[in-house]
1. Looking at L81, T17, P49, which one has the Cα that reaches farthest to the positive end of the dipole of the chain (charges on Cβ: Lys, Arg +1; Asp, Glu -1)?
2. Dividing the alpha-carbon Rg of the stretch 1-94 by 2.2 N^0.38 Å yields what?
3. What ranking do 86-99, 40-53, 110-123, 66-79 get when scored by the average of other Cβ atoms within 10 Å per residue, highest first?
4. Placing +1 at every Lys and Arg Cβ and -1 at every Asp and Glu Cβ, with all other atoms neutral, what dipole size does the stretch 22-115 have around its Cα centre, in debye to the nearest 20?
5. At 7 Å along the Cα-to-beta-carbon direction for both T45 and M79, put a label point, then send me their distance in nm to one decimal.
6. How much length is gained if the chain between A105 and F18 is pulled fully straight, taking 0.36 nm per residue apart and subtracting their Cα-Cα distance, in nm to one decimal?
7. Using the count of nearby Cβ atoms within 10 Å as a rough guide to exposure, how do S3, S138 rank from fewest to most?
8. Hey, got the Cα dimensions of the stretch 25-141 along the principal axes, in Å, largest first?
Amino acid sequence: MGSVVSTDEINRFFQETFLGPDGLCPVVTVMEKDKAVIRLQADPTMLRPGGFISGPVQMALADQAAYAAIFTRAGITPMALTSNLTIDFLRPCQGQAVLAEARIAKMGKLLAVINVDIRPEGQDKISSQSVVTYVLPSQVK
């Protein structure tokens, strides 16, 4: 069984809901049951000296990828809310674009726990790992 939400549906939702003032929004490239992958094209405001993608950008990307992963099972659920996010920065994240791959570790009635790996596009080594916990609306099962 695949995702209950397509990449087109989630990208439309993100564009309508989260488009920043600069017009940039991560693009969801994969929606499979319990898995979402999103890609963010870096711009100069997201970079530290040396072309490193900043920690806050990686954290936001982890959160958004986890949010998308929940939708693979629950459908578009705007009121799923971040409860906790931890991140370990393993190595510098340097590149023009960054990918975040989120996988649901556990989805209960009230909480979902999602593991997110972040890496520069075109590289195999993970730059950061995150665990994100979401509180789910009561109607989500």
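Since every read-out is calculated from the coordinates, none of them should be taken as a lab result. Just so it is clear, the structure is predicted and the values come from calculations on it, not from any experiment. We place every Cβ from the backbone using ideal geometry, glycine too, and count neighbours over all the protein chains shown.
1. Looking along the dipole axis, the top candidate is L81.
2. Numbers: Rg = 13.9 Å, N = 94, 2.2 N^0.38 = 12.4 Å.
In units of the globular-protein estimate, the stretch 1-94 measures up at 1.12.
3. Numbers: 86-99: 16.1, 40-53: 14.4, 110-123: 18.7, 66-79: 20.4.
The peptides rank, most packed first, as 66-79, 110-123, 86-99, 40-53.
4. Details: 9 positive and 7 negative charges, 65 e Å.
Around 320 debye, computed over the stretch 22-115.
5. 3.1 nm
6. Details: separation 87, 0.36 × 87 = 31.32 nm, distance 2.52 nm.
Separation in residues times 0.36 nm, less the Cα-Cα distance, equals 28.8 nm.
7. Details: S3 21, S138 9.
Going from sparsest to densest Cβ surroundings: S138, S3.
8. Principal extents (Cα only, largest first): 46, 24, 24 Å.
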